[in-house]
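The values are calculated or read from the model by the stated rules, or taken from the named source; none is laboratory data. Computed from a predicted model, the values in this text were never measured in an experiment. Please note: Cβ atoms are built from the backbone with ideal geometry, for glycine as well, and neighbour counts cover all protein chains shown.
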Amino acid sequence: MVTLVPYIIGGVKDRPTGINCLLDLSMCFRGLSYLPILLVLTSFATFIVSYIIAIVRHDVSPYFPYISDTGTKPPESCIFGQFLNISAALAIATMYVRYKLVSQISVGEDTKLACLNKAGLVLGILSALGLSMVANFQETNVEPVHVTGAALVLGVGVIYAFVQTSLSYRMNPDYNGLKICRIRLAISCIALTAMIITFVSATVSRIQVHGHIDKTKWKPEDGGFTAHIISTISEWVTAVTFLLFFFTFVRDFQKVKLGIVATVLVRHLDVEPVEDISEHVDERRPLLS
């Protein structure tokens, strides 16, 4: 039986953030802060590389395509799918550490906070699942599944951001400051506004379009072009702000280490466990430092 246990590193203040963080990488990657950093960098790199390849190969319209449009045809679809799957795994790890951090630092003190924390974890997992669906089901091949995945990533993802913001406000002033609450609220509001514009503009563009067209190469003469461009730009804004939200976890994660508690149920590995002897045999080893 294996149990993951977070360790809160206390007595550390004024960690570098932003530009100062980049100038002192040893401090920036302290604890588990590398998880949200890798998540954001991997996702951004995937979007940018896929976009460049798709534009160079003329696989998409040069007029600001949807993010998913840049990952519909090989070879960019291979890069898009592979690295978004990695991003989905990093997202789950990041959200799980955030969940364990909140549950550990506020253990037994606020039942509403605990419920909200669990809800945030469920929403986070659903959002990461949607990211994997977007990566593996291209819109030109299985559009209903792809759209469902996109709705999970953007829609549920924005809800996750608001849940985490609500958690932050509830943890103020005992566990975190007001400044980070306001930053998370601002990012969440921008993401929500951009997401609404994305879906509304996409609906308008579908209504105004002239007949059946190649949606990855939408042209001005096809109709609904203005609404389409507004929708694509808003989608990029939503994705960027949602990813930036994870950057707000970096400073918190600098104070966390994750360990593993292994409970051996037998004294000989050829014997089947008969009773729980965890009180007698208990081995603890740090999993990550």
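The table that follows gives values for the structure above.
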quantity: Residue under evaluation residue 146, criteria (1) touching an Asp or Glu at 6+ places or on another chain (Cβ under 7 Å); (2) closer than 20 Å to residue 249 by Cβ, criterion not met; calculated: (2)
quantity: Check on residue 175, surrounded by 16 or more Cβ atoms within 10 Å (Cβ to Cβ) and part of a loop (DSSP other than H, G, I, E, B); calculated: yes
quantity: Residues (crowded, with 16+ Cβ neighbours inside 10 Å and of a type in the set (A, V, I, L, M)) located in segment 178-202; calculated: 180, 183, 185, 187, 190, 191, 192, 194, 195, 197, 202
quantity: Meets criteria (over 30 Å from residue 220 (Cβ atoms), touching a residue at least 12 places away in the same chain (Cβ under 8 Å), out of contact with any strand residue (DSSP E or B) (no Cβ under 6 Å at 6 or more places or on another chain) and in a helix (DSSP H, G or I)) for residue 77; calculated: no
quantity: Every residue from segment 250-271 that is of a type in the set (Val, Ile, Thr) and either surrounded by fewer than 21 Cβ atoms within 10 Å (Cβ to Cβ) or in a strand (DSSP E or B) (or both); calculated: 256, 260, 261, 263, 264, 266, 271
quantity: Residue identified as free of Cβ contacts under 8 Å to residues at least 60 places away in the same chain and of a type in the set (Gly, Ala, Ser) among 71, 124; calculated: 124
quantity: Pair list, Cβ < 6 Å and 6+ apart or interchain, from segment 212-235 residues that are closer than 25 Å to residue 141 by Cβ and outside the structural domain of residue 60 (by TED's automatic domain parsing) to residues that are among the charged types (D, E, K, R) and outside any loop (DSSP other than H, G, I, E, B); calculated: 213/222; 216/69
quantity: Candidate set: segment 72-87, residues that are over 16 Å from residue 243 (Cα atoms) and hydrophobic (A, V, I, L, M, F, W, C); chosen: the one surrounded by the most Cβ atoms within 10 Å (Cβ to Cβ); calculated: 80
